[in-house]
Amino acid sequence: MKIKRVNIIVLDSVGIGALPDAADFGDQGAATLQNTAKAVGGLNLPHLESFGLGNIAEIEGVAQVDNAKAAFAKMAEESNGKDTTTGHWEIAGIISKDPFRTYPDGFPAEVMDQFHQAIGRESLANKPASGTVIIEELGEEHMKTGKPIVYTSADSVFQIAAHEDIISVDELYEMCEKARKILQGEHAVARVIARPFIGEPGNFERTANRKDYSLTPPEKTVLNHLKDAGHKVMAVGKIENIYAGEGITDAVHTKSNMDGVDKTLDYLKAEKEGLIFTNLVDFDSKYGHRRNPKAYAQALENFDKRLPEILEQLNQEDLLIIIADHGCDPTYKGTDHTREYVPLLVYGEQVTAGTELGVRETFSDIAATIAEIFDVKGTGNGSSFLKEIIK
């Protein structure tokens, strides 16, 4: 029997232990799942536990099981980075040897001058900052002056925050599009991100109207090859933005993890062929960067509770792949992503339950497996594990 539909769900930032080179990234000892579990006295993830999550690493509250329902492994990131774009591109078959440029001292005058000229006004900040902190610090001044707040982080990002009553969401998106055109070549940051917020000074709140403007991948991914071969590639959450629309046939954006699960279920109910590619971003954006292990743990448990709904929609010709794109240990110092292995869980009626896939050398094994399933051209990176898991 042939697999006709694959659903990849990326639990954004849910790492499972420091990579051997983590010290080079300042991340020695980081372990998102393990340290989150330890911080809250254990995780309650019965469905992920039954898949074999606890067989990949020792996680407090998540037992090892003798009869795991899924194939399982941990995956190393081959690319030189620990950000969303690098991780997702590698999942789709691109290895990034050169890291994206970061701006620990803010953006140079040559960038900011062009940006100010393009948008017709000055901006505030131009420094690395936490998104919630920077709007509390400068939100009131922004509201008085109409100047957007520009900030970055340890990631390769150019972020623009604006109050929706001062700069409309559409105008903010236009500013981001102008910034994306400027930030090419030498200053080609991975993502330009719109960060709208609402509220009053002392009580600001970011909205779900965030939008990412990624670089176009430098070469074709397995998504392109699927689309070129006539297969549907359905993107849920920020997937469409991460790949700059490349290789995507249909997309929906989401307001939260639970909305992401809802939208994934909608595709599972409506489409019986192709790739459904989902990103659940709240782990990272709401809890990892904000170093909130309690809320991170709750988000994991909330996803686990929804997993049976996803399984109910799967048929004999389906494959479910659960993975992450990097770590963001909420117990670690700073607010940055962390350089970690990620868990891999592969479930389906055709999968030999309990198959141990070891330690994979690259996230691109996902792309190679997808290419083999759909019999399309691969990217040349990664090794398919299809024959290892199919009965």
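Each reported figure results from applying straightforward, stated rules to the coordinates on display, with no laboratory input. The structure displayed is predicted, hence computed values, not measured ones. FYI the Cβ positions are ideal-geometry reconstructions off the backbone, even for glycines, and counts take in every protein chain you see.
Summary table
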{"quantity": "Rg ratio (alpha-carbon, reference 2.2 N^0.38 Å) - region 109-213", "calculated": "0.97"}
{"quantity": "Region 31-64 and region 375-391: distance between their alpha carbon centers, rounded to Å", "calculated": "28 Å"}
{"quantity": "Descending principal axes extents, region 121-178, alpha-carbon based, whole Å", "calculated": "28, 25, 18"}
{"quantity": "q = 0.17, 0.19, 0.23, 0.29 Å⁻¹: log10 I(q)/I(0) that the Debye formula gives for region 56-121, counting C-alpha atoms only", "calculated": "-0.84, -0.91, -0.98, -1.14"}
{"quantity": "Share of alpha-carbon pairs per 5 Å distance bin for region 13-62, given as whole %", "calculated": "5, 22, 27, 23, 12, 9, 2"}
{"quantity": "Where only C-alpha atoms are counted, convex hull volume of the chain per residue in Å³", "calculated": "126 Å³"}
{"quantity": "Eligible lysines near Lys305 by straight Cα distance, threshold 20 Å, same-chain separation 8 or greater", "calculated": "Lys69, Lys255, Lys263, Lys269, Lys286, Lys294"}
{"quantity": "Length added when fully stretched, Gln114-Val133, from 0.36 nm per residue minus Cα-Cα", "calculated": "4.2 nm"}
{"quantity": "Segment Glu356-Leu311, extension gain: residue separation times 0.36 nm, minus the distance between their alpha carbons", "calculated": "14.1 nm"}
{"quantity": "Length-normalised contact order of region 3-146 in % [C-alpha pairs under 8 Å, at least 6 apart]", "calculated": "12 percent"}
{"quantity": "Along principal axes, Cα extents of region 1-157, largest first, whole Å", "calculated": "62, 38, 34"}
{"quantity": "Computed helical MRE - 222 nm, the chain, DSSP H runs ≥ 4 contributing -39500 (n - 2.57), nearest 500", "calculated": "-9500 deg cm²/dmol"}
{"quantity": "Viscosity 1.567 mPa s, temperature 4 °C, Stokes-Einstein D of region 218-327 from Kirkwood C-alpha radius, µm²/s", "calculated": "87 µm²/s"}
{"quantity": "Alpha-carbon Rg/Rh ratio, for region 240-293, with Rh computed the Kirkwood way", "calculated": "1.03"}
{"quantity": "Over the chain, relative contact order from alpha-carbon pairs under 8 Å, at least 6 apart, %", "calculated": "30 percent"}
{"quantity": "Label-point separation in nm, Thr249 to Val65, each point 7 Å along Cα→Cβ", "calculated": "3.3 nm"}
